[in-house]
Amino acid sequence: MKVIIGAGDTEYPGWIATNCDVLDVLSRDSMHAYFSDKKATAFLAEHVWEHFTEDEGVRAALHCYEYLQAGGYMRVAVPDGNLQDASFLKFVGIGGPGPKDHPAATHKILYTYKKLISVFERAGFSVNLLEHCDEDGNFHFSYWNPNDGMIGRSLCFDSRNSYEKIGMASIIIDAHKPLTIKAR
């Protein structure tokens, strides 16, 4: 079972699209009601985690970790706070746009790659960084397969981007749940 978190109108073959009215990752009760004794093989969350505070992001990651099978992964993308473009940062920064049906759900955090990695590592995941800007604004890219979770706001799939200019930068990670779980 591959699940899109905060899908909006997004649908991909082989993925189950959910929104917070069906699956609220901040609520363990909602996660349990949705999954019961089942586990997801993968989660996909494109531009969702910035709508949580950092503590809420850790809590949501912990809930996803609990309902993800061992060896599963989450592909997560958020706006990149290291892109050196003032208009982009103003648009995606704290107070930035939220879903039209939830206007109060504005952006609550602007991530850098280090902060996003920390959120998922604190939940027990090991993290692979796929796209990000470093502290000097330099863009970094590692190949990723869109069949493993499509991210529209990415280097290859966002029309605002080219190899000459990044117009929409996302931090994209794959957060993996180990096959064997160490006792905490």
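A few remarks follow.
- Matching residues in the stretch 109-129 - criterion: being closer than 19 Å to PHE91 by Cα and either acidic (Asp, Glu) or outside any helix (DSSP H, G or I) (or both): ILE109, LEU110, TYR111, THR112
- Extreme residue, surrounded by the fewest Cβ atoms within 10 Å (Cβ to Cβ), among residues of the stretch 17-33 that are small (Gly, Ala, Ser) and assigned to a helix (DSSP H, G or I): ALA33
- When the stretch 44-58 is filtered for residues that are touching a Phe, Trp or Tyr at 6+ places or on another chain (Cβ under 8 Å) and of a type outside the set (Asp, Glu), the ones remaining, listed by number, are LEU44, TRP49, GLY57.
- Pairs where the first residue, in the stretch 21-32, is on the phi < 0 side of the Ramachandran plot and the second is among the aliphatic types (A, V, I, L, M) and in a loop (DSSP other than H, G, I, E, B), C-beta under 6 Å, 6+ apart: VAL25/ILE5
- Considering the stretch 139-180, and only residues there that are of a type in the set (A, V, I, L, M) and more than 19 Å from ALA60 (Cβ to Cβ), the residue that is farthest from the chain's Cα centre (by Cα) turns out to be LEU179.
- Qualifying residue in the stretch 115-124 (condition: touching a residue at least 12 places away in the same chain (Cβ under 8 Å) and hydroxyl-bearing (Ser, Thr, Tyr)): no
- Matching residues, the stretch 145-180, being acidic (Asp, Glu) and in a strand (DSSP E or B): ASP174
Okay, residues lined up against (1) modelled with pLDDT under 95; (2) over 22 Å from ALA175 (Cβ atoms); (3) of a type in the set (Val, Ile, Thr); (4) in contact with a strand residue (DSSP E or B) (Cβ under 9 Å, 6 or more places away or on another chain):
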position: ASP55; (1), (2), (3), (4): no, no, no, no
position: LEU62; (1), (2), (3), (4): no, no, no, no
position: MET74; (1), (2), (3), (4): no, no, no, yes
position: SER87; (1), (2), (3), (4): yes, yes, no, no
position: GLY93; (1), (2), (3), (4): yes, yes, no, yes
position: PRO103; (1), (2), (3), (4): yes, yes, no, no
position: SER126; (1), (2), (3), (4): no, no, no, yes
position: GLY149; (1), (2), (3), (4): no, no, no, yes
position: PHE157; (1), (2), (3), (4): yes, no, no, no
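- Taking residues in the stretch 96-109 that are among the aromatic types (Phe, Trp, Tyr), and partners anywhere that are surrounded by 12 or more Cβ atoms within 10 Å (Cβ to Cβ) and modelled with pLDDT under 90, not one pair has Cβ atoms closer than 9 Å while being at least 6 places apart or on different chains.
- Residue in the stretch 131-144 that is in a loop (DSSP other than H, G, I, E, B), among the hydrophobic types (A, V, I, L, M, F, W, C) and at pLDDT 95 or above present: yes
- Condition met for VAL76 (under 14 Å from the mean Cα position of the chain (by Cα) and on the phi < 0 side of the Ramachandran plot): yes
- Any hit, the stretch 93-104, residues being hydrophobic (A, V, I, L, M, F, W, C) and out of contact with any helix residue (DSSP H, G or I) (no Cβ under 7 Å at 6 or more places or on another chain): yes
The values are calculated or read from the model by the stated rules, or taken from the named source; none is laboratory data. Only a predicted model underlies this, so the values are computations on that prediction, with no experimental measurement involved. Ideal geometry is used to build each Cβ from the backbone, glycine not excepted, and the neighbour counts take in all protein chains shown.
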